[in-house]
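Derivation of every value follows stated rules applied to the coordinates shown; laboratory data play no part. Since the structure is predicted, the reported quantities are computational estimates derived from the model, not experimental observations. Note that each Cβ is placed from the backbone with ideal geometry, even for glycine, and that neighbours are counted across all protein chains shown.
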Amino acid sequence: MQAELFDVLMAHREQKTPVAMVTRLEDGAQALVTPSGTEGALDLSNAQIDEARTRMRDDRSGISADGTHFTHVHNPPLRMIIVGAVHISQLLAPMATLSGYAVSIIDPRASFATEDRFPDVELSDDWPDEAMEALKPDSRTAIVTLTHDPKLDDPALHVALKSDAFYIACLGSKRTHARRLERLREEGFTDADFQRIHGPAGLPIGAVSPAEIAISVMAEMTAVKHGTEPLRAAA
Amino acid sequence: MDRYDPGQQDDILGRIAEWRRDGRRIAVATVIKTWGSSPRPVGSQLAIDDSGAMIGSVSGGCIEGAVVREAMQSIQDGKPRTLDFGVSDEQAWDVGLACGGEVKVYVERIEGQ
């Protein structure tokens, strides 16, 4: 890999823009493909550029059908937005970070979202709907609400349900969740929206401690990400 | 071997950038194709420097030894290589995958400044 191309690749990662490295396996010649252009010594046909961009959209690195070229997709990291800088968040944030997620935590209550409690995590003390809109959740974003407080969770959910977030989960008992859905229905949301919400959050693994609840949420989110049928508790 | 730092361990390219700043000579191995139950998905990377230090992985540890040897060669001669590993591929390589899968690994040198 040429030094210049490595630097360009790193710059795209820094900017959090998607990029794909295409390598001709025979001699190692390479080019970078972005959503808007290409760079590097290897000349690519329009079909090869299209294939690279399709792979970027699908987040699927791989070898060309004729076996001559390898396309390595470097998409920006998956994101997790946590609403509520609570005890569970202190466990969930580092677990998600270890799993490759860029974590943001939203909590307008000043004593909760402190750097002391959440080192190395992006914190926002804006109101959850404004904070969520600023973060622009997309199809590579997971959203978990943990406050139990309708004043905080509901505005975040309004934005979440209008986004393409791949995982939306809300902490709270079945009763709390039923009341949440009632309020959302009054706001105009429908059963189709409710099917996207995982509530109560997490797989039913009998989690009790904050760490165990964080594990159950991580596990459920992972199953959803890979399109695996989530486990259900025995009846 | 470098200290295990979970916060950075999976950012292979970021670590390669650090190694470059340290002036190390580096090769990187990438899983480019898999068949069957191979342990690491396409795109997984292992970076190796000329002292044999490594970060990341291209298998569950089954083929890393052989990949490191080829990577050190690539650091010397500058030639990229494509390596095939399978469970029965004993003639070409003295290692195989216990899981029964097969992987194709591309090894390239990171050129200096």
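Please say if region A:79-225 is rounded, prolate or oblate, where rounded means a/c under 1.5 for a ≥ b ≥ c the square roots of the C-alpha gyration tensor eigenvalues, and otherwise the choice is prolate for a/b larger than b/c and oblate otherwise?
Verdict is rounded for region A:79-225.
Give, in whole angstrom and from largest to smallest, the semi-axes √(5λ) of the equivalent ellipsoid of the protein assembly as shown, with λ running over the eigenvalues of the Cα gyration tensor.
Whole-Å semi-axes of the equivalent ellipsoid: 41, 21, 20.
Along each principal axis of its Cα atoms, how long is region A:8-115 end to end? Whole angstroms, biggest number first, please.
57, 22, 20
In the structure displayed, which of A:K16/A:K136; A:K16/B:K33; A:K136/B:K33; B:K79/B:K104; A:K16/B:K104; B:K33/B:K79 lie more than 23 Å apart, Cα to Cα?
In this structure, A:K16/B:K33; A:K136/B:K33; A:K16/B:K104 lie more than 23 Å apart at Cα.
Across every pair of different alpha-carbon atoms, what Kirkwood hydrodynamic radius in Å does region A:1-58 reach?
About 11.5 Å for region A:1-58.
What does the structure give for B:32-45 when I average, per residue, the other chain Cβ atoms found within 10 Å of the residue Cβ?
Values: counts 10, 5, 1, 0, 0, 0, 0, 0, 0, 2, 8, 9, 1, 1.
Counting other chains' Cβ atoms within 10 Å and averaging over B:32-45 gives 3.
Shielding of B:74-81 by partners, i.e. mean partner chain Cβ atoms within 10 Å per residue?
Rounded to a whole number, the mean comes out at 2.
So what is the 222 nm mean residue ellipticity for chain A from helices alone, if each DSSP H run of at least 4 adds -39500 (n - 2.57) and you divide by all residues, rounding to the nearest 500 deg cm²/dmol?
Estimated from H runs of four or more residues: -12000 deg cm²/dmol.
Out of all DSSP beta bridges in region A:3-74, what portion is antiparallel? Express it as a percent rounded to 5.
100 percent
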